[in-house]
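Asks: Just dropping this structure here.
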Amino acid sequence: MENPHQEQQNAIMSRIISNVEKLNEAVIELNRSLQVINMNNMNVELVSQMWANYGRNAGFYLEGAGHNSSEEVQK
C-alpha cells in the first residue's frame, strides 16, 4: 500500500510541472512578440532620426539663404 502523503505530493508536483510548462510557453510567446515590437521600434527610430536631420538641414539652408527660419515658418 502506498503512502497517501506521497500520492498527494506526486499530484501537487504534477500540477506544478504542468503549470511551469504553460508558463514557459507563455514566456516564449512573449519573447517573440517583444522581438517584433523591437524591430518595429527600430524603424520608427530611423524615421525619427531622418526627420531630425531634415529639420537641421532645412534650418541650415534657410540660414544660408538669408532667411530667418522661425519667421519663415510662422508666415
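Asks: Take the conditions over 15 Å from the mean Cα position of the chain (by Cα), at pLDDT below 95 and either assigned to a helix (DSSP H, G or I) or aliphatic (A, V, I, L, M) (or both) and apply them to Glu7. Does it pass?
Replies: Details: over 15 Å from the mean Cα position of the chain (by Cα): yes; at pLDDT below 95: yes; either assigned to a helix (DSSP H, G or I) or aliphatic (A, V, I, L, M) (or both): yes.
So Glu7 passes the test.
Asks: Condition check: assigned to a helix (DSSP H, G or I) and surrounded by 10 or more Cβ atoms within 10 Å (Cβ to Cβ). Does Asn43 satisfy that?
Replies: no
Asks: Within the group Glu21, Glu63, which residue is outside any loop (DSSP other than H, G, I, E, B) and modelled with pLDDT of 90 or more? Show your work before the answer.
Replies: Values: Glu63 fails: modelled with pLDDT of 90 or more.
From the options Glu21, Glu63, the qualifying one is Glu21.
The values are calculated or read from the model by the stated rules, or taken from the named source; none is laboratory data. Because the structure is predicted, anything quoted here is derived from the model rather than measured. Note that we place each Cβ from the backbone using ideal geometry, even for glycine, and neighbour counts take in every protein chain shown.
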